[in-house]
Each structure stands twice: as structure tokens, then as C-alpha cells.
């Protein structure tokens, strides 16, 4: 009976087969996410550019991050340079603030620590101009979400990322949804570089939008960042250095032999299957969720990621 | 320099004192949450009724939950009965699903497990009618949030809880914001009892609103539920029983000697200070967050909880 006492029922259809009395309800149920995804076409999935994929190896496993160079090009380039210089190897997760962010970088972010290390990496830059927003022109792909938003005039998806835009200002930006990876900085807007990054692990802190640069999002391994003990110091800093989580290595996928890369694919956010998934979130109903929500919030929509079968990946 | 490389700066003002060049910016800064709270009046805080406060003792610490009997009276009464029968003692956290919920209860939720145990507790009920919504009349206190909402016609706060209402149907309900405690159930809407509960640990799953009963919210110890390893099974169930987190005991505050109760106070959601905090979220700006959000989402608003000095509590 365990599987039936559930809050959510991603596997509802199969579970329901044991309940003949509910067959009528089941007949009225809308397709599940799993069923919708099972019918997706291969062309609806994209393989992220290995130049934009970062592998962060933690003791517990690997986190995969996709950079968003069309939104934050200077940061993407600098993060690549830092990664290629093995800047992050041996650094740590220094801060986990509940319902907010997990942040990593050099615990000694001063002249004795990261600043001198960055300086030694040739082309790497210690600070960058803020890339909080970009001009809507030149145009990027845009899939509008018509459900409305508390914070922005328009929201939707661009190149796989949840985003917002303001036609009045002509600007668009990536939003701080769960899993977004942002650029930590000092008070000075010009003080970020990508040498310290954070991932959103709670309710979307949309107040950060346009005040910090979003450099990408976590594709895989999110729970390795969200399921960590929270730090006891203000803002979630760990009290003792020993509590920090070591970063074993960070590598660019392009620098890893293809056979050692996970064959990740991301559902295109301009695909019919993605639209069907959003509609299932909005209007889906089944025996468990009898009342459809009617609308869906931008940050409540997952962009599906899958790993191709290893056999296929090794061709 | 560590404290200055931050994503958020709750303590921004004091931090900024080290930056004379930013004094002008600081002068324009709006009050911080800390500053607003420091000016609150004692009467703006309430002490939750000990009949509505639940202490859940985990190996890592204590979780305090406030029940919401005006929204889910049958569940509040049944949870009290279960707690007083020590029903939860020795049960466990059985499921942690990333960006969704942490759920606890009896791993054996069948006739050999919880059902027979509940039956042995006299007045405790195994199932209850769903209490997903309540009629707006009789009227409860309501503090409207005018910023809009993707899911509901109206949102706001009632008796300390984030809530939504629909004048057309005459119904109101507690929303699934971070920290909300809901009633797990089987497919049958009449199958919940409060013997298995969940807490929201990610982006507010508002789709659950009106499909599940919200029985209260976590006042203290939220990070003990959110900072747990995610279960590897579908829906976050732990693979091995040994991975579950044991519940040492669950007690009603009213049954605990006053000297052993934490002196928790919750800011009244109909108080001027709470309104000022919301406005600071909406329009606040400082040297770090130069661009105010302009609006604030219901589930991005924390209802402050504080613990009075132990000396005062021991009078």
C-alpha cells in the first residue's frame, strides 16, 4: 500500500490499474508527463553544445550545468577559462541558505585566495561588466507562456531556459527559477566574474532577476546541491571549514573524452511536446488531482533532461 | 572579504559601513527586514496556541509545526489525537523528493501497520472528509496581497498562513508555499487522516492547492526537513529502510511543561510591521539590489517567527 499514500502520482496510471472501481475516473484522466514524453520525437531533443556544459564533481556525485552564452556571453567565456585553468578544483561549497541558494567558490575570496589565482590564469578576468539583461534584438528563440507572471510583463522560454522580457525596455533576462545558476558578486555590479556561483534551491527568488547575472542552469545532479545541510551562520555559511563540501574537479564537457560524457539531451522548449507538457501542468486532471490548476507558473515548469542509452552513446 | 561576496545581503547596511565610497548609495537604501523588525511593537507578535503547536523531534533537532484548525478543523483534531496517542513516535521520514516534498508517517501504511495502530487509539479516525477549502463565511481575518497571482483570483494571509480565495465560489484555502504542511492521502479524497504528512521543500507546488488539505506550516526547523538527502526511488522514497530518518517523538506543546516549550512568537500577518516587510520585498532597494522587483509573489513572503529570550520565557 505504500506507493498509494502519495502526494503526487507521476505513475498514477499504472497505480490505478489495481483499482477497478476507478476505471471510469481513469478513462477521463488526461495524459501524464511520462506518457507525453514517451511520444516525443527524436528531433524534439537537443544535445547541449559541449562548450557550454560544465561537469562539477563532488564527493557524492556529478553536477552538470549548461551555460547560457547568448544571455551572459562574457561570463560564459570567463567560466570556460576558469574551468580550463582548473580554477575550481579543490575549492568548495561554502554556503547553503535554506529556501534560497547553494554557493560555491574559493573560501578565501581575497588577494591571498581567488584573486591571485585568477590572475595566474592568463586570460581569466577578475571582474566583468554585469550581464543582468540582454537586448531583445538580435532576436533569440522565444516561446511565450501566456499564463501571466507576478514579476515581469512577459515570461517564457528561450533556448531551454526560463526567461522574462519587458517590451517597454526592450530587454530580456533569465529568471531565478529552481536550478538557475547565478554569478555571485560583491556590492559593486562590476565585481562578479563567475569564480563564485550559486544555484537556486528554494522558492524562486525572482527579486534577484535583473540584479544578478544568471549564467545557466543545472541539468543533472540538482539534488546534490539542494539536499545539503544548511549552514548555521548568517546567510547559510558553514560554521567550520570541515563542513564545506569539497569540489573535486570542474571540467568542460568539450575537454572530456566523448566516451566519458553522459549522453544528455534536453527537450527543446519550442517543441510540441514541451507545449503539451505545459498544458498538462495547466489543465491536467486525473483521479488524484481532480481539480486542474488552470494556470501554471513559469518556475513550476521543468525542462526535461534525459540520458540516452549508453549503447547508443558509444557509437 | 568573505562576507562581501554574497548573493543576498540581509545584513547589508552593516556590511556597507566598510565602504565609504558607497555612503551615498546607502543613504538612499530602504530599510532592511532586520531594521523593520527591530521597530516592531510587542503587540504585533502572537504566541501560537499550544493546542495548535506540534513538536516533532528528529535525531538532528526539533521541527515545530503550527496547525490551522480554522481551515482544517477535522484534521487538526485528528492530528492532536494521534499525537496524544504517541502515534508518530518511532515512525519515520519515508520520502524526500527534490523540489517538492518531504513526507513522514508509517512506512507500513496498511492493515499491519498504521491502520491497526490508528484503530487502537480510541477516538482517532483512519480517514476524514477532505478539507481542501473552507467557506469564506464565517469570516476569518484576511490581509490581501494586491500584487496578483498566477493561480488564484485573490491571495493574502489569514491567521498567519498564506492563503488564496475565490469570491466566485465563496471558498478560501491555504496555499502550498514553502514550509506548508499537507495531508498525504490515497487516490480517494476521503483517504487522508493526518497520519502521514508532508512539508513543501521547493518551488511552491500550487497545483496541489484545493486537491490536498493543508493542515498547517513549519514555524521552526524547516531546514531539518529540506536539507535531507533525496530518496533515489521514484517520488523520492528511500531505497533502504536504513536511509529513513527516525521520528523520535511528536508532542503537542500543550502537553509539554511550559519550561520546556520554546517561547515562539509569530508576527501577526495583519500588523503594520508585516505590511512594511512586504513593501520592503516589493520596493526595497539598496546598493546591492539596485532594481526593486516592484511586485512580490505570495510564496516569496516569509512570516517571521522569533524566540523570546529564555529569561522572559521562564517567568
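The GNM of chain B, with springs linking C-alpha atoms under 10 angstrom apart, assigns the highest mean-square fluctuation among B:208, B:225, B:277 to B:208.
A straight line joining the Cα centroids of region B:112-157 and region B:74-97 runs 16 Å. Projecting label points 7 angstrom from Cα along Cα→Cβ for residue B:137 and residue B:108 puts them 5.1 nm apart. Of B:118, B:79, B:36, the residue with the greatest mean-square motion in the GNM of chain B, using alpha carbon springs below 10 Å, is B:36. Once divided by 2.2 N^0.38 Å, the Cα radius of gyration of region B:79-183 becomes 1.34. Using a simple spin-label model with pseudo-atoms 7 Å out from Cα toward Cβ, residue A:70 and residue A:89 lie 3.3 nm apart. Seen from every direction in turn and averaged, the convex hull around the alpha carbons of chain B projects onto 18.6 nm².
With respect to chain B, whose longest principal axis is taken over its alpha-carbon atoms, helix B:272-283 is tilted by about 70°. Listed from fewest to most Cβ neighbours within 10 Å, the set A:93, B:245 follows the order B:245, A:93. What separates the residue A:41 label point from its copies, with the point 7 Å along Cα to Cβ, is 6.6 nm, written shortest first.
Taken residue by residue and averaged, Cβ atoms of other chains lying within 10 Å of the Cβ of A:145-155 number 3. Compute the acute angle (0 to 90°) between the alpha-carbon long axis of helix A:73-84 and the principal axis of greatest extent of the alpha-carbon atoms of chain A; round to the nearest 10°. Long axis of A:73-84 versus the principal axis of chain A: about 70 degrees. Counting Cβ atoms of other protein chains within 10 Å of each Cβ in A:293-301 and taking the mean gives 6. A Förster distance of 25 Å, applied to the separation of the beta-carbon atoms of residue A:119 and residue A:190, puts the FRET efficiency at 0.90. Considering only B:101, B:150, B:200, the mean-square fluctuation computed in a Gaussian network model of chain B, springs between alpha carbons under 10 angstrom, is largest for B:150. Mean partner shielding of peptide A:85-97, defined as the number of other chain Cβ atoms within 10 Å of each residue Cβ, is 1. From most to least packed by mean Cβ count within 10 Å, the peptides A:180-187, A:262-269 give A:180-187, A:262-269.
Placing R0 at 30 angstrom, the Cβ-Cβ distance between residue A:233 and residue B:43 gives a FRET efficiency of 0.40 after rounding to 0.05. A crude spin-label estimate for the pair residue A:254 and residue A:307, with each label 7 Å from Cα along the Cβ direction, gives 2.4 nm. Neighbour counts of C-beta atoms inside 10 Å place A:235, B:222 in the sequence A:235, B:222, starting with the fewest. Sorting B:249, A:135 from the fewest to the most surrounding beta carbons within 10 angstrom yields A:135, B:249.
Pairwise Cα distances in the protein assembly as shown exceed 37 Å for 35 percent of all pairs. Scattering from region B:117-266 was approximated by placing one identical point on each alpha carbon and applying the Debye formula without solvent; log10 I(q)/I(0) at 0.13, 0.20 1/Å stands at -0.76, -1.45.
None of the figures in this text is laboratory data; all of them are computed from the coordinates on show. Here the structure is a predicted model, which is why all the values come from computation and not from measurement. Don't worry about glycine lacking a Cβ; one is built from the backbone with ideal geometry, like all the others, and counts go over all protein chains shown.
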